[in-house]
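To start, the structure itself, in structure tokens.
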Amino acid sequence: MGERSQTWMERRGVPSSEREFNAPWVRLQEHLVGRYGRGVALDRRWERPDPDDLANLALLLRQASAAVDADVARAGRACVPVLTPTECDVLRRVARKPSAGSNLAAYLRLTPQRVSQVLGRLESRGLIEREQSWRDARERRASVTTAGREVLRTLDPRLHDLAVTWLDELDREGEEARAALVALVAVLADLT
């Protein structure tokens with residue numbers, strides 16, 4: 001029999017003591033290459049914060065958020081017109097529930113000024129329209145246009161596919177692990 005070829009970690013000189021710890025990242029790398037023909041920068045993963053040290057929790061959450069934002073930005077670049085992650089979030093929310101800027105700011109945890117800027121950009125592209133609120137003349141209620149719905153027909157399936165990709169690694173643990181992660185993220189979003 002022929003000699004076994006070296007694994008990815010062996011070729012890069014990763015010590016055997018580190019291989020088990022990093023095995024999930026290697027499986028993810030192989031999955032992404034096989035499914036999408038592209039890899040992830042694993043060099044960062046070797047130096048990631050220790051997840052067992054609770055002092056690193058905030059950093060790990062920011063890193064996860066940055067990775068998610070990068071993926072959502074790629075999905076937004078596939079739309080015409082191109083959307084930022086925040087514009088994606090605002091457009092999706094307005095499509096599901098027409099809202100005033102102050103309500104959107106509370107929902108997205110952004111400043112009212114930031115939401116107003118995003119709404120202005122979406123309105124100038126013809127994706128939303130705003131009309132004066134019947135309750136308060138100072139507020140303008142945003143609703144999605146037909147063009148905005150067309151963009152969402154492209155965006156929503158891409159965002160769904162991203163979520164499936166993010167959760168693929170949890171498939172080995174079963175549906176309970178996926179549900180637990182989604183529930184945990186929802187709880188974390190409600191903190192403070």
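Each value in this text was obtained by applying a stated rule to the coordinates, not by laboratory testing. Keep in mind it's a predicted model, so treat the numbers as computed, not measured. A quick note on method: Cβ atoms are made from the backbone with ideal geometry, for glycine too, and the neighbour counts reach across all protein chains shown.
What spacing in nm lies between the two simple spin-label points modelled at Ala186 and Arg74, each 7 Å away from Cα in the Cβ direction?
2.7
Residue separation times 0.36 nm, minus the C-alpha to C-alpha distance between Ser124 and Asp161: what's the value?
So the chain would gain 10.5 nm between Ser124 and Asp161.
Starting from the Kirkwood radius over alpha-carbon pairs of the stretch 97-162, derive D by Stokes-Einstein at 37 °C in a medium of 0.692 mPa s and give it in µm² s⁻¹.
Using the Kirkwood radius from Cα pairs, D works out to 260 µm²/s.
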